[in-house]
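The numbers here are math on the coordinates, done by the rules we state, and not lab data. Bear in mind the structure is a predicted one, so any value in this text is a computation, not a measurement. Because the Cβ atoms are built from the backbone with ideal geometry, glycine has one as well, and the counts that use them run over all protein chains shown.
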Amino acid sequence: MLLSTLFLVGGFLLLILSGDFLVKGAVSLALKFKLSSLVIGMTIVSFGTSAPELLVSVDAALSGFPDITVGAIVGSNISNIALILGLTAIIFPIAVQRATIRTDWPMMMFSTLLFVSFVIDGVLSAIEGVVLFSSLVVFITWLIYNSRKNHQLPAMAEELDESVKSMPIWKAVFFIGLGALGLVFGADLMLEGAVDIARKFEVTERVIGLTIVAFGTSLPELITSCVAAYRKEADISIGNLIGSNIFNLLAILGITAMIHPIDVSQSIINFDNYVLVGISALIFPLIYFGKQVSRMKGVFLVVFYVIYIYSLF
């Protein structure tokens with residue numbers, strides 16, 4: 001049990017650190033090839049920060065644990081907009097930007113409904129994976145075009161670290177290699193620990209995916225959002241969380257399904273997917289009325305998440 005816990009925690013830490021190395025190296029290399037900060041922010045940074053979830057999902061699917069693959073993504077998305085958004089709002093009420101209501105939320109809802117409709121038959125096929133990923137490519141292309149048209153840079157494109165900009169090429173390549181290697185080993189460690197714990201406590205892989213794995217892969221978002229709220233920079237939080245949900249469904253599940261079709265259990269189809277659709281839809285009135293997520297709304301979201309987790313056991 002102790003060894004399984006060490007594998008789980010060690011895998012999480014290795015995934016987070018390796019993802020950071022990969023992003024820094026990839027961004028630095030992209031800058032050397034004269035890619036704009038806008039394109040880097042919307043593509044490389046976004047994909048890089050989702051790399052841990054992608055490696056875990058692919059590893060789980062190839063290892064024959066599809067419930068961990070889908071459970072981790074569905075659980076992570078529920079966690080992002082219930083637990084993490086709720087906790088962030090409790091610390092400091094979150095102002096909602098117009099773009100979140102007009103663009104981000106509709107795209108998240110579209111992604112959620114598209115995913116749910118695809119897995120009704122119990123399988124997320126390679127063709128459906130292509131459709132999911134293609135939807136993301138179209139969305140990112142539109143965002144880049146729209147941002148250039150309005151002369152606006154997304155926050156993540158504006159805030160590229162100076163140390164990353166000045167990094168020599170050899171160091172950038174080393175960071176990419178080290179990050180990629182760490183992600184592979186981290187995903188293996190975390191998956192082995194999670195499956196072993198599930199067997200020891202006699203809980204299903206679905207529950208482990210929806211809880212421990214989902215929470216672990218959402219940890220960077222939780223830390224970032226809470227720190228932003230504490231520093232009264234909460235306006236960046238909700239857009240990042242919704243963006244993470246879009247990437248989880250379209251990029252991670254899309255790419256994973258293209259590599260290996262994913263079987264989806266009836267428990268996820270008949271319960272967890274409905275919870276995901278419900279909380280995703282419920283977010284709209286919470287962000288639309290009052291144009292902020294207040295502390296009271298935050299408490300409501302956290303209570304919703306606690307009830308959901310309780311219902312799994």
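General remarks:
- Per-q log10 I(q)/I(0), the chain, q = 0.09, 0.10, 0.16 Å⁻¹ (Debye; single scatterer per alpha-carbon; no solvent): -0.43, -0.53, -1.45
- Take every Cα pair under 8 Å whose residues are at least 6 apart in sequence, average their separation, divide by the length of the chain, and the relative contact order is 45 percent.
- Total lysine pairs under 12 Å (Cα atoms) in the chain, excluding pairs fewer than 8 apart on one chain: 4
- With Cα atoms as the point set, segment 232-295 shows a radius of gyration and Dmax of 15.2, 44 Å.
- Taking the fewest neighbouring Cβ atoms within 10 Å as the starting point, the ordered list for Val137, Val184, Val23 is Val137, Val184, Val23.
- Exposure proxy order (Cβ contacts within 10 Å, fewest to most) of Asp20, Asp59, Asp121: Asp121, Asp20, Asp59
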